[in-house]
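First up is the structure itself, then whatever we jot down about it.
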Amino acid sequence: MQLMPDSPLRRATLEVESHVGAQGWDQPPRLFALVPTAVLAAREPALAAQLSDDPDGITPVEQDDIPADRSLEDVLIDISWPDTVAGCAAVIERIMLPPEAEDSLPDDPDELVAAAAAHPDRREVRLVAAVTRDGRAHSTVRAREPHNAELLEGPDLVPGLIEHLRRTLA
């Protein structure tokens, strides 16, 4: 049963999630340009046979590795995309805590990371966020456990990451 309306952006987001998920957990953050499939096929004819024939399709193109000494959010501050890029997507693994845990967390950033990592109710998750120049967004969240965790998806599941990505398209 599909709960979200289908769209090229949704399909691209799910493709990114599937691609990264197939490589397991404990991965560094990843960044993708979202290029109109027709534009990519015209610029790279040798790839055309491998691409979708959807005239409105969007193809994710993985970018270079994010430097290990910088956070994804810091890297996104310095990025701007050429006009041929219709949008972008990012994948990052994080620890999520239940809302009731927030009151007991320390204010110091280093202590916060340690407390979150040690919290008994923590959940490791993979977040995927994708945005387009026209303002659309789609996102997914998958928990590491259980092994067959359901993929959650929607337009605004990771609003902070979505906003960081939108700024790269401005």
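The values are calculated or read from the model by the stated rules, or taken from the named source; none is laboratory data. The shown structure was predicted, so the numbers you read here are calculated from the model rather than taken from an experiment. Ideal geometry is used to build each Cβ from the backbone, glycine not excepted, and the neighbour counts take in all protein chains shown.
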Problem - Count of region 126-161 residues which are over 22 Å from residue 87 (Cβ atoms) and surrounded by 12 or more Cβ atoms within 10 Å (Cβ to Cβ) - result: 3
Exercise for the section: Say whether the condition of being outside any helix (DSSP H, G or I), among the polar types (S, T, N, Q) and touching a helix residue (DSSP H, G or I) at 6+ places or on another chain (Cβ under 7 Å) is met by at least one residue in region 138-147. Expected result: yes
Completion exercise
Restricting attention to region 127-157, the residues that are closer than 18 Å to residue 74 by Cβ and out of contact with any Lys or Arg (no Cβ under 9 Å at 6 or more places or on another chain) number exactly 1
Handout entry: Pairs, first over 13 Å from residue 66 (Cβ atoms) in region 17-41, second in a helix (DSSP H, G or I), C-beta under 7 Å, six or more apart
Key = 34/12; 40/47; 41/47; 41/48
Fill in the blank from the handout: Filtering region 99-124 down to residues that are assigned to a helix (DSSP H, G or I) and either of a type in the set (Lys, Arg) or exposed (fewer than 10 other Cβ atoms within 10 Å of the Cβ) (or both) yields 99, 100, 102, 103, 104, 109, 110, 118
Completion exercise
Picked from region 50-101 (must be over 17 Å from the mean Cα position of the chain (by Cα) and of a type in the set (A, V, I, L, M)), the residue farthest from residue 143 (Cα to Cα) is 51
Problem - Identity of the residue in region 8-52, in a loop (DSSP other than H, G, I, E, B) and in contact with a Ser or Thr (Cβ under 9 Å, 6 or more places away or on another chain), that ends up surrounded by the fewest Cβ atoms within 10 Å (Cβ to Cβ) - result: 51
Problem - region 53-83, residues that are exposed (fewer than 13 other Cβ atoms within 10 Å of the Cβ) and part of a helix (DSSP H, G or I) - result: 74, 77
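Residue-by-condition table, conditions (1) more than 28 Å from residue 113 (Cα to Cα); (2) touching a helix residue (DSSP H, G or I) at 6+ places or on another chain (Cβ under 6 Å):
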| position | (1), (2) |
| --- | --- |
| 45 | yes, no |
| 53 | yes, no |
| 57 | yes, yes |
| 64 | no, no |
| 67 | no, no |
| 102 | no, no |
Problem - Matching residues in region 70-94 - criterion: being among the β-branched types (Val, Ile, Thr), modelled with pLDDT of 95 or more and under 22 Å from residue 125 (Cβ atoms) - result: 91, 92
Exercise for the section: Could you list all residues from region 108-140 that are under 18 Å from residue 18 (Cβ atoms), touching a residue at least 40 places away in the same chain (Cβ under 8 Å) and among the β-branched types (Val, Ile, Thr)? Expected result: 128, 140
